[in-house]
1. With N set to the number of residues, divide the alpha-carbon radius of gyration of the range 83-172 by 2.2 N^0.38 Å and report two decimals.
2. Quick one: check the C-alpha center-to-center distance for the range 310-341 versus the range 169-213, whole angstrom.
3. To the nearest 20 Debye, how big is the dipole of the chain about its Cα centre, given +1 on the beta carbon of each Lys and Arg and -1 on that of each Asp and Glu?
4. Using the per-residue mean of other Cβ atoms lying within 10 Å as a proxy for protection, in what order, highest first, do the peptides 365-371, 49-55, 208-214 fall?
5. How high is the relative contact order of the chain, in percent, with contacts defined as C-alpha pairs under 8 Å that are six or more residues apart?
6. At R0 = 60 Å, how high is the FRET efficiency between Thr301 and Tyr93 if r is their beta carbon distance? Nearest 0.05 is fine.
7. Name the helices (complete DSSP H segments) of the chain with a Cα length along the long axis of 15 Å or more and a Kyte-Doolittle mean of at least 1.6, or state none.
8. What nm value, rounded to one decimal, do you get for the distance between Leu430 and Ile192 when each label is placed 7 Å out toward the C-beta?
Amino acid sequence: MVKTVARERRRLGSPPPGGISATDPNPFGWGPFVVLFVVGMVDRIEANLMSGVLPLIQAEWGFSDTAAGSIPTAAALAAALVALPAGYLADRYSRTRIIGIVVLCWALATLGSGLAAGFAVFYLMRVLLAAAENIDNPAVGSLLADFYPAATRMQVYGWTRMTTYLGGVGTLLGGVIGQAFGWRAAFLLMAIPGALTAILVWRLREPQRGQIDKIMATAAVVPQQAPPPGALEPPQAGPPEADPAPTPGATVKPPFWPQVRQVLAIRTLILVALGVMILTLGLGGIYFWLPSLMVRVFGMTTGVASSISGGVTIVGVLAGTVLGSHLGKRVHGRVKGGRLLIGGAGITIGSTLLGVALLMSSPVALVILVLLAVTISSTAIPTCTACIADVVVARSRGVGFAVLQFLLTIGVAFGPLIVGLTSDATGSLLMAMYALIVPMILGGLVVLSSRGSYEREAARVLDDARDS
């Protein structure tokens, strides 16, 4: 019996033996965060390999820019179809098991992309991969809120959600490996880390839903005071079990569509998700085609263009996430909707700067300004995502993050296609990119407009947790 308990405590994501304290910002350790960060990285690398090897694939099969742009569009539309059902599953079943199965499916679809004998099969594999990738996002968002309290959420959400915008890693790897060994090698090699990640996440323990919120809410009403010497410590929450069966009086989740309607009534969630969706529309279209722009305008090789584009994206997203986390922590609680102020302003300013970058006739100036634009825009990653977790109750966070992912997927769907269609129609890939700059700026303004409802809806979540 003792050995069984010891093994459970050593399991990845297990709570501390003495229970969870309301003042502990990291009760489960950093292990769950690391696992879910790896999941996000593998997701984005596999999804963005095609951008890095696109010139090589087009050279072999000879399809147009419109056909190329339609691949991420079709893939994203397929992903959008599964987003809300994925949230429903995440609110009712083991989230760690859902993610483990999905990651294994990614690996198989990536392997199939590398083995595709023709364009039609390759197209199908990319669509299947995108659909599978979207199933895990609501589960990841829900898990993080049950592993980490509000004091830590901006950091963990920032770094895990940051992977959504680190497609540059996949672009870089795809370009370098494709240039050296052929485009198929890039997909075949990435199937290996995908399978290993599936094994890792299968070992992650499922936390109890809403326990962290309840501890936070109770502590907010009755401030914890240090006991006098010799006094007994106040009771702490014991180690949670993984989603125990409902008991009489427990909160019952509503049916699917009523639950979706409840989530859609959260104003902050909808405005932030819409703003980030518009940003993603622009970034998805511009960064998908950026390596091809460098090849066509500046005469770079595929490997060099993909490495520069991917490297700029990686550095900018990392720097922006760190900066956003720092600034958001400083203004949170001091300025009304302060984190959304940082995120919305970052999107607006960064998008404007990106438009200026595309005007540059020098590749050096282009790269420097794109790096600054990515950095400033990425301050929205930790700030906006943490705010979404704050305004959705624990029992519906799967659906809440599914709504976010659905809208993000719609943005991803049409960005590359809009650029591809406009490029074929005008004969200018550069001009086609400008069609997305104004919507990106508007996205930042939409996020700024959500500040008025954030504090009220975040307080409502704590009240719900306290009463449950």
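We did not get these values from a lab; they are worked out from the coordinates using the rules stated. Everything numeric in this text was worked out from a predicted model, so none of it was measured. Cβ placement follows ideal geometry from the backbone for every residue including glycine, while neighbour counts extend to all protein chains displayed.
1. 1.25
2. Cα centroid to Cα centroid, the span is 25 Å.
3. On the way: 32 positive and 22 negative charges, 142 e Å.
For this selection, approximately 680 debye.
4. Values: 365-371: 18.0, 49-55: 27.4, 208-214: 21.6.
Order by mean packing, descending: 49-55, 208-214, 365-371.
5. 26
6. Efficiency at R0 = 60 Å is approximately 0.80.
7. 183-202, 267-298, 363-377, 437-448
8. Each label point lies 7 Å from its Cα, and together they span 4.1 nm.
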